[in-house]
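K.L.:
So that we are looking at the same thing, I have put the structure below in structure tokens.
The values are calculated or read from the model by the stated rules, or taken from the named source; none is laboratory data. Just so you know, these numbers come straight off a predicted model, no measurement behind them. Positions of Cβ are backbone-derived with ideal geometry, glycine not excepted, and every protein chain shown enters the neighbour counts. Note: areas computed on protein heavy atoms with side chains; ligands, DNA, RNA excluded. Shrake-Rupley method; radii C 1.70, N 1.55, O 1.52, S 1.80 Å.
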Amino acid sequence: MILIADCGSTKIDWCVVRDGKVEKQVFTCGMNAVMLTEEEMRGRIAAELMPELADRAAAITAVYFYGAGCISPEVCANVERAIRANIPASTIEVHTDLLAAARALCGRTPGIACILGTGSNSCYYDGERIADNVSPLGYILGDEGSGAVLGKLLVGDVLKGQLPAELCEKFLRQYDLTLLDIIRRVYREPLGNRFLASLTPFLIENIKVKEVHDLVFGSFSAFFRRNISHYDGKCAPVVHFIGSIAYYYREVLAEAAAACGYTVGTVLKSPMEGLIKFHA
């Protein structure tokens, strides 16, 4: 029996798997391994996960943890020790969420795997490891196509009057926002990227408006130009995606891909199904 974890900053999806089938699924609060100490992570696992596992913990032989912030050997070692203090599995592996995307999307076949959610990321995966990666740089310097950047472009166009007047009014009324509210949430309060990403449902609701379509199409096109073009020649021009933005905007994503000379392959909302298949 194995335990697979897909860990984000908001929530962690834990799946106990036996012979390729899910025996139990548990959701706990998310954690970013860069932001927490080993002791804090150990305590959270003990308090939130272990009561749900009950007598299954002793039967778990391997844990595969994929997490936000697992970007260095030191951080991964902290997470591993936090898990081992709670679960006496013989095998505990800690990897980045980008490797989770690559394994879920490509299995053991080389390919280009991407994340389009609150943030964005991409890699060339050689079937075993991430062989090349263009740094996403975050929503201020990069993260093209992400929820945070789409939200940033949306509020910028609303506040500068670049969208039809009735649409600008509709947005501010629907989210009960003023100019000062937006400035405060973006510049003065923490987690501005999450706030911006939370506004993206407005885009999909109004995607048939030309200006909205063009905004989304342009950001996706920038994602391909500034990230995916770096991997040209390493494999077929088929690009796979994981994440809520890719999932809900997949039609516009496919349009942008075609305009840039690429084809969208597999699109998944979450990596868990693919990870279960990979580890089975």
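K.L.:
Identify all residues within the range 3-26 that are modelled with pLDDT under 90 and small (Gly, Ala, Ser); write none if there are none.
P.N.:
The answer is GLY8, SER9, GLY20.
K.L.:
Additional query: Only one of these is out of contact with any helix residue (DSSP H, G or I) (no Cβ under 6 Å at 6 or more places or on another chain) and either of a type in the set (A, V, I, L, M, F, W, C) or open to solvent by 30 Å² or more (accessible area, probe 1.4 Å) (or both): HIS240, HIS213. Name it.
P.N.:
Working: HIS240 fails: out of contact with any helix residue (DSSP H, G or I) (no Cβ under 6 Å at 6 or more places or on another chain).
Unique residue meeting the criteria: HIS213.
K.L.:
Of all the residues that make up the range 38-69, how many are of a type outside the set (Lys, Arg) and farther than 19 Å from THR91 by Cα?
P.N.:
10
K.L.:
Could you look through the range 27-68, keep only residues that are at pLDDT 85 or above and polar (S, T, N, Q), and pick out the one that is nearest to the chain's Cα centre (by Cα)?
P.N.:
THR28
K.L.:
Of the residues GLY107, GLY147, only one is of a type in the set (Gly, Ala, Ser) and within 15 Å of the chain's Cα centre (by Cα); which?
P.N.:
Exactly one of GLY107, GLY147 is of a type in the set (Gly, Ala, Ser) and within 15 Å of the chain's Cα centre (by Cα), namely GLY147.
K.L.:
Something else now. Of the residues that sit in the range 129-174 and are of a type in the set (S, T, N, Q) and touching a Gly at 6+ places or on another chain (Cβ under 8 Å), which one is surrounded by the most Cβ atoms within 10 Å (Cβ to Cβ)?
P.N.:
Going residue by residue through the range 129-174, those that are of a type in the set (S, T, N, Q) are 133, 135, 146, 162, 174.
Now drop any that are not touching a Gly at 6+ places or on another chain (Cβ under 8 Å), which leaves 135, 146, 162.
Details: SER135: 10, SER146: 29, GLN162: 13.
Here the answer is SER146.
K.L.:
Got a number for residues in the range 133-154 being among the charged types (D, E, K, R), modelled with pLDDT of 90 or more and part of a loop (DSSP other than H, G, I, E, B)?
P.N.:
1
K.L.:
Which condition number in (1) part of a helix (DSSP H, G or I); (2) under 27 Å from GLY265 (Cβ atoms) is the one that LEU167 fails?
P.N.:
So LEU167 meets the others, but not (2).
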